[in-house]
Amino acid sequence: MEHKKDIGTLFEEKLQNKTVKPKTNLWEKIDASLAQREKKRKKTYWSWAIGIGVLILSGIIFSSIISENNNKRPKQLYPLATPIQNNFKIDKKPSIPKVDSTDKERTTTAIDTTSKNLENLDKTTINTLDKKFSKSKEIRAEKDFDSFRKKTVYRYYNSEDSTTIETTNKALIDSLITFDKSNIKVDSTN
Amino acid sequence: MNTEKELIERCKKRNRAAQSELFEKYKNTLYFLSLKYCRNEADAEDNTQDAFITIFEKIKSYKGKGSFEGWMKRITIYKAIAKYKSKKTIAVAYKNDLLEDTTIEKEQIELPLESLLQIVQQLPDQYRLVFNLYQMDGFSHKEVANLLSISESTSKSNYHRAKQLLKNDILKLKNNPKKTNNGA
């Protein structure tokens, strides 16, 4: 009797669960190859580590340079305005024309009074300004901004003694005018 | 005595002694598998070597799902396929005198293992791969087609042709035991 079977199935049955020992020593080759790969891997790890280290180091150096530069730079963007102490000038040595003694006395008194008034005003203004400018940096910055604003300068010229007063304080000029008027009144009575 | 799980864990840590132990344990199985898929012993040895290196390199990706031996066998098979794909040049010439019937008497295949392996190795590359994948290792024709980048019908046809060639060679060997013929 013939027992025919599919050749594929027969091969499968014959070759299933079989093993064959390799003729050459494969492990030696595998071991050598693994060692080489290990070496390569270590090399790669080191180069990565060195690369990262260099990056970190250069980052630290760069940031320290930046911070150093920042410290050297002035902290204020705008220069601080100096307190307005010399906003008005007093010509202390005016060229006084030659006059008679009564005129001279009158003029001297007028100058003295004006000078005293000015000194008083001067002191109060300076004190107030000093207080203001000794405040915080923010206020200073605001003052800087104010320095860009338009300022009106008032000039007072005394034709009698050729004295010139230059100021931004309008109140001072007003007081001088009042003072002059009183003088005129005195003159008219005389 | 180490269990396989422990051995795998040690191999994951790249322990060379464990790797050697694993190699000794599976070298014959994987070498025999390579013999079926490759053209000759030298190719099979190269394939086994490449497969073991890949196994040791990729062992961390083995998460314990499925059999470890199966995982290693798949790597060995994929290595053989990759080798075949890298030097794919074949246009198989068919013999007209091939037998249509692919059945054979059981007694006729009673040959030494070496001879049977030689007959399989002498199949044209694509036929050999299709026959082994489908018949020996249980891949479907769809899977074979995907693996070898061929169509499903080509896989079926190659499988049938492979069996015809095997039958031809078996019969020739029976008639003339000193000579084998690959039929292509």
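Considering every residue within the range B:124-144, establish whether at least one is among the small types (G, A, S), surrounded by fewer than 20 Cβ atoms within 10 Å (Cβ to Cβ) and not in a loop (DSSP other than H, G, I, E, B). The answer is no; no qualifying residue exists. If you go through the range B:43-64 one residue at a time, do you hit one that is in a helix (DSSP H, G or I), aromatic (F, W, Y) and under 21 Å from B:D137 (Cβ atoms)? Looking for residues that are in a helix (DSSP H, G or I), aromatic (F, W, Y) and under 21 Å from B:D137 (Cβ atoms), one finds at least one in the range B:43-64, hence yes. If the condition is being under 30 Å from B:A162 (Cβ atoms), touching a residue at least 40 places away in the same chain (Cβ under 8 Å) and of a type outside the set (V, I, T), then the range B:1-52 contributes B:Y26, B:L30, B:L33, B:S34, B:L35, B:K36, B:Y37, B:C38, B:R39, B:N40, B:D43. Against the numbered list (1) under 43 Å from the mean Cα position of the chain (by Cα); (2) at the interface with chain B (Cβ under 7 Å from one of its Cβ atoms), A:P22 comes up short only at (1).
Quick note: the coordinates plus some simple rules give every number you see, no bench work behind them. All values derive from a computational prediction rather than experimental measurement. Because the Cβ atoms are built from the backbone with ideal geometry, glycine has one as well, and the counts that use them run over all protein chains shown.
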